[in-house]
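Step one of this worksheet: look at the structure below.
The values are calculated or read from the model by the stated rules, or taken from the named source; none is laboratory data. Remember, it's a predicted structure, so these values are computed and weren't measured experimentally. Cβ placement follows ideal geometry from the backbone for every residue including glycine, while neighbour counts extend to all protein chains displayed. What goes into the accessible areas is simple: the full protein's heavy atoms, side chains included, and nothing from ligands, DNA or RNA. Shrake-Rupley method; radii C 1.70, N 1.55, O 1.52, S 1.80 Å.
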Amino acid sequence: MMLDFAMPILIVDDFQTMVRIVRNLLEQIGFHDIDEAPDGESALAKLKLKQYGLVISDWNMEPMSGFELVQLVRANPAFNTMRFIMVTAESKTESVIAAKRAGVDNYIVKPFNAQILKAKIEATCGNG
């Protein structure tokens, strides 16, 4: 699958170390238009200012979780083409099903590496 490496990506995570890890992995894969938000509320504000091709969001954040964020994104017609990958330490089947029902395009369980991230992005955003 061909990936659009110019695609803008938004990383949403309240843990700065995780943001740095995801950013480094994305850069290793070949992405460079990467922005960050520390929580769902900040992410929504950024989504209104810029057209992102992909959001990679943590599940557990305060004051707005990644789960709440994906529900709001999916409820907004302006974001209907945006792809959404949820990242979490939660691997229970119920959580995966809940995320899918909320509109998540893909799901990554921590820990993960560049190869896993690239495969999930290709499965979610690949266009070739």
If each K or R counts +1 and each D or E counts -1, the residues other than ASP33 whose Cβ falls under 14 Å of its Cβ total -1
Can you tell me the order of 21-33, 90-102, 4-16 when each peptide is scored by its average per-residue count of other Cβ atoms within 10 angstrom, highest first?
4-16, 21-33, 90-102
Hey, any idea what % of the chain's accessible area is carbon plus sulfur with a 1.4 Å probe?
53
Listed by chain and number, the residues whose amide H is under 5 Å from that of ASP39, excluding neighbours fewer than 5 places away on the same chain and using placed H, are ASP13
(1) 15.7; (2) 14.3; (3) 16.1: which one is Kirkwood radius over Cα pairs in Å as calculated from this entry?
(2)
Checking understanding here: applying a Kyte-Doolittle mean of at least -1.0 and a length along the axis of at least 18 Å (C-alpha), which whole DSSP H helices in the chain pass?
16-29
PRE zone check, label point 7 Å out along Cα-to-Cβ of LYS110, amide N under 18 Å, scope segment 60-82, hits 60-70
Enter the accessible area per residue of the chain (Å², integer; probe 1.4 Å; all protein chains in place).
51
